[in-house]
Amino acid sequence: MAERKKLYEGKAKILYATEDPNVLVSYFKDDATAFNAQKRGTIVNKGKINNAVSTHLFQLLEAEGIPTHWLQSPNEREMWVKPVTIVPLEVVVRNLAAGSLCRQTGLGLGTALTPPLVEFYYKKDELGDPLLTRDRIRAMAIASDEIVHQLDTLARRINQILIDFFNGCSITLVDFKLEFGTLTDGTLVLADEISPDTCRLWNQNETDIARRVMDKDRFRQDLGDVESGYQQVLDRILAHTN
């Protein structure tokens, strides 16, 4: 894996090619962004923590029959992954009302959503990653009806697996974002990462609204102790896994 060519640098990771066309390297950075990169900063050791959290959760999902792009995590900052063609839709699953859903609908923070909401957002920074209806997805030819159905089905399965797992860690999975891609044979797989960057996670042992936050909302809302929130998530995952 000595020879690498940078293929893409995003807000949280850098993707490198290797001499093996079937293996890419995803390098996790400490950079933090919010509000479509209008707010920027650094979270110490975020890359290491997110890599470790994502590794454990990808392994959990693989064991439950969810296909992912994960191959292995050879060190603290890198994940080896299968090359995929990313579906340009962010899939957001919401179990409790929070964030933009509260702002846009007037639902109170923490309102239970039964069944969970599954939403699709267009991966297009210059448009502000807008929320799309299924009819708009069809009109824009972003993804076929079958792919959208698969995304919905996989997202709901992943949600239940993660809810059960995080409950075992005394963490509430409020909502989270998923990204998917297709392999060369057309198989749809989970890609990107699952971490405190992409999930809202609340400490079940804490009743204070601000102090219960264990995810990137600590950065978004200037709540402080961002690193400790991320580290607590990892520590609980490790304790529950072991």
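What follows draws every value from the coordinates through simple rules; no lab data is involved. Computed from a predicted model, the values in this text were never measured in an experiment. Here the Cβ positions follow ideal geometry from the backbone for every residue, glycine too, while neighbour counts run over all protein chains shown.
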For Thr187, net neighbour charge (Lys/Arg +1, Asp/Glu -1) across residues whose Cβ lies under 14 Å away: -2
At Leu107 and Gln204, where each label point lies 7 Å from the Cα along Cα→Cβ, what is the point-to-point distance in nanometres? 2.1 nm
Of Ile209, Gln160, Tyr121, which is farthest on the positive side of the dipole of the chain, counting Cα position, with +1 on Lys and Arg Cβ, -1 on Asp and Glu Cβ, and the Cα centre as origin? Ile209
Could you point to the residue in Leu190, Ala141, Asn51 farthest towards the positive end of the chain's charge dipole, with +1 and -1 charges on the Cβ of Lys/Arg and Asp/Glu respectively? Ala141
Could you work out the local net charge near Leu178, counting Lys and Arg as +1, Asp and Glu as -1, over the other residues with Cβ closer than 13 Å to its Cβ? -3
Grab the DSSP H runs of the chain that are 4 residues or longer, score each as -39,500 (n - 2.57), total them, divide by all residues and round the 222 nm result to the nearest 500 deg cm²/dmol. -9500 deg cm²/dmol
Could you check the spin-label model distance between Lys39 and Val23? Points 7 Å from the Cα along Cα→Cβ, value in nm. 3.9 nm
Unit charges on C-beta of K, R, D, E only; dipole of the chain, Debye: 460 debye
Starting from the 7 Å offset along Cα-to-Cβ, what nm value, one decimal, do you get for the label separation of Glu64 and Thr85? 2.9 nm
Would you mind giving the average projected area, over all directions, of the Cα convex hull of segment 5-81 in nm² with one decimal? 5.8 nm²
In terms of the alpha carbon gyration tensor, root eigenvalues a ≥ b ≥ c, rounded if a/c is under 1.5 and otherwise prolate when a/b exceeds b/c or oblate, the chain is rounded
Determine the gain in length on full extension of the stretch Asp125-Glu227; use 0.36 nm per residue of separation and subtract their C-alpha separation, reporting nm with one decimal. 34.1 nm
Lys and Arg at +1, Asp and Glu at -1: neighbours of Val148 with Cβ under 10 Å from its Cβ sum to -1
Which ordering of Ser170, Ser54 is given by a fewest-first count of other beta-carbon atoms within 10 Å? Ser170, Ser54
Segment 18-94 and segment 176-208 have their Cα centres apart by a whole-number Å value of 9 Å
Of Pro74, Gly41, Leu24, farthest towards positive along the dipole that unit charges on Lys, Arg, Asp, Glu beta carbons give segment 5-81: Gly41
Once R0 is set to 35 Å, what does the formula 1/(1 + (r/R0)^6) return for the Cβ-Cβ distance between Ser144 and Leu117, expressed as a FRET efficiency to the nearest 0.05? 0.95
At a temperature of 37 °C and a viscosity of 0.692 mPa s, determine how fast segment 124-242 diffuses translationally according to Stokes-Einstein, using the Kirkwood radius over alpha-carbon pairs as Rh; express D in µm²/s, rounded to the nearest whole number. 202 µm²/s
